[in-house]
Amino acid sequence: MDKDLYNKYVRVLQEELITALGCTEPIAIAYASAVARKNLGHMPEKITARCSGNIIKNVKGVTVPNSGGQKGVAIAAILGALGGNPDKRLEVLTSVTKEDIEKSKELKEAGLCTVDLVDGVANLYISLTAEYGNDKVVVEIADKHTNIVKIIKNGESILEKEFVLDHGKNDSGKEFMTVDGILDFAEELNVEDVRGLLEHQIQCNMTIAEEGMSNTYGANVGKNIIKLYGDDNVESRAKAYAAAGSDARMSGCDLAVVVNSGSGNQGITVSVPVYQYAKELKVSDEKLYRALSISNLMSVHIKAGIGPLSAFCGAVSAATGSAAAITYLLGGNRDQIKFAIINTLGSVSGIVCDGAKPSCAAKIASSVDMAILASKMAFSDDCFQNGEGIITDDVESTIKNIGRLGRDGMRSTDKEILNMMIGK
């Protein structure tokens, strides 16, 4: 593989595999608020959070970490201003104290934060205004959870950079990625280039998965899978532990995860099932890391065409990455890996995202279940064929169709889901 291309794949892993505390949408709001307070120099007397529909959708039903079980945009913004550390980025709320939590409840009741829905912006968009006396700071985030595109104080620009509105597919910097390229990279990978990243991903994501299996969170999807199917087979453990990580994360567990494509749930889904198979098969650490590079990069490749925050459930793209990696671990050849990708995408791509909340764990379990079936089918050389719905005659064209489905086809679905969630 060309060295420049190899380095591009390494950079994608470095950029995408970052640590986050809690669901990334409320955390992005808290981050914007912490940055606003830092530039304001005071605890705001008034906060206005203007957010895209997809941000509101993904914050409404999820528990904000380190919040004492509270939910919603207002709490995320207030906690970010009260005790958030902007230098921690997606771990901004790790510095919140018990006193901050109690104070946040009072300030929410007092109406400190107003939340507005804004149309005609990026799917991932936050404009956070913080005011104190005559001073006002505006912080804008777009396209990525920590991508601050504007900081304005009292009408003067502190930071302002160009960005392409909701660029996702067109300007993601990931157009070079292909299935064959990812598999070439995994084969030629110098494991030391990514060992630290992938070790950290497994450590964090398995820790929260084990927490979800040990305690009560949400609807306990992971624990119920083990109760129903037992823990004596790798298929059950792959589904259960991935779901359990989401059980805990969506219910406000204060353990950090390593994300994929900006999502902790996707980060869990690309890593935990792969780790379970690697453990069952007793493969070397080197083979595990090659498999994880496949699962992470495949998920990013598929999600890049969809763009951030849509009605397409990200568990599907992440589980597809796991399908490819599991097939690799089991000794599948390149064609069989492609079959596993096509089989997964051809079956569960209709799962919709109706916000971040405990039921995400069940969507992860369903997607991983199909990923496992897709891999088993591939080893029998069984694959959905060209012309069967969105399936085309090759894997790249099928992935392009998925991008079109998630980004364009589901746009009206996304609006209807949001209207339902806000009671319209």
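The values are calculated or read from the model by the stated rules, or taken from the named source; none is laboratory data. Note that this is a predicted model, so its numbers are computed, not measured. Ideal geometry is used to build each Cβ from the backbone, glycine not excepted, and the neighbour counts take in all protein chains shown. Please note that ligands, DNA and RNA were not included when accessible areas were found on the heavy atoms of the full protein model with its side chains. Shrake-Rupley method; radii C 1.70, N 1.55, O 1.52, S 1.80 Å.
Quick notes on this structure:
Quick grid of which residues meet (1) open to solvent by 40 Å² or more (accessible area, probe 1.4 Å); (2) under 30 Å from residue 59 (Cβ atoms); (3) touching a Leu at 6+ places or on another chain (Cβ under 7 Å):
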residue	(1), (2), (3)
328	yes, no, no
378	no, no, no
417	no, yes, no
421	yes, yes, no
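- Pairs meeting the criteria (first residue in the range 29-49 and within 24 Å of residue 60 (Cα to Cα), second residue open to solvent by 20 Å² or more (accessible area, probe 1.4 Å) and of a type in the set (D, E, K, R), beta carbons under 7 Å, at least 6 apart or on different chains) are 31/89; 44/37; 44/131; 45/131; 46/131; 48/116.
- Residue list for the range 2-42, restricted to those being under 25 Å from residue 299 (Cβ atoms), touching a Pro at 6+ places or on another chain (Cβ under 9 Å) and open to solvent by 10 Å² or more (accessible area, probe 1.4 Å): 31
- Selection within the range 380-415: residues that are part of a helix (DSSP H, G or I) and of a type in the set (D, E, K, R). The member of this set that is surrounded by the most Cβ atoms within 10 Å (Cβ to Cβ) is 414.
- Per the conditions (1) more than 22 Å from residue 357 (Cα to Cα); (2) part of a helix (DSSP H, G or I), the sole criterion not satisfied by residue 177 is (2).
- Within this structure, residue 52 fails the test of being open to solvent by less than 20 Å² (accessible area, probe 1.4 Å), over 25 Å from residue 312 (Cβ atoms), in contact with a strand residue (DSSP E or B) (Cβ under 6 Å, 6 or more places away or on another chain) and of a type in the set (Ser, Thr, Tyr).
- Comparison of 350, 331 shows that the only residue that is in a loop (DSSP other than H, G, I, E, B), out of contact with any helix residue (DSSP H, G or I) (no Cβ under 8 Å at 6 or more places or on another chain) and on the phi > 0 side of the Ramachandran plot is 331.
- Leading residue by the ranking (nearest to residue 355 (Cα to Cα)) among those in the range 97-156 that are over 30 Å from the mean Cα position of the chain (by Cα), touching a residue at least 60 places away in the same chain (Cβ under 8 Å) and surrounded by fewer than 16 Cβ atoms within 10 Å (Cβ to Cβ): 132
- Filter result (under 30 Å from residue 27 (Cα atoms) and touching a Gly at 6+ places or on another chain (Cβ under 9 Å)) within the range 325-359: 349, 353, 354, 355, 356, 357, 358, 359
- Scanning the range 395-424 for residues that are free of Cβ contacts under 8 Å to residues at least 12 places away in the same chain and within 22 Å of residue 327 (Cα to Cα) turns up just one, 397.
- Candidates 275, 289, filtered to the one that is open to solvent by 10 Å² or more (accessible area, probe 1.4 Å) and farther than 22 Å from residue 373 by Cβ: 289
- If you go through the range 63-95 and keep only what is closer than 19 Å to residue 256 by Cβ, in contact with a Lys or Arg (Cβ under 6 Å, 6 or more places away or on another chain) and either buried (at least 24 other Cβ atoms within 10 Å of the Cβ) or of a type in the set (Gly, Ala, Ser) (or both), you end up with just 63.
- Against the criterion of being touching a residue at least 12 places away in the same chain (Cβ under 8 Å), in contact with a strand residue (DSSP E or B) (Cβ under 7 Å, 6 or more places away or on another chain) and under 24 Å from residue 234 (Cα atoms), residue 318 qualifies.
- Candidates 138, 179, filtered to the one that is touching a helix residue (DSSP H, G or I) at 6+ places or on another chain (Cβ under 9 Å) and over 20 Å from residue 81 (Cβ atoms): 179
- Of all residues in the range 242-260, those that are in contact (Cβ under 8 Å) with a residue 24 or more places away in the chain have Cβ atoms under 7 Å from Cβ atoms of residues that are of a type in the set (Ser, Thr, Tyr) and assigned to a helix (DSSP H, G or I), 6 or more apart or on another chain, in 242/269; 255/207; 259/24; 260/299.
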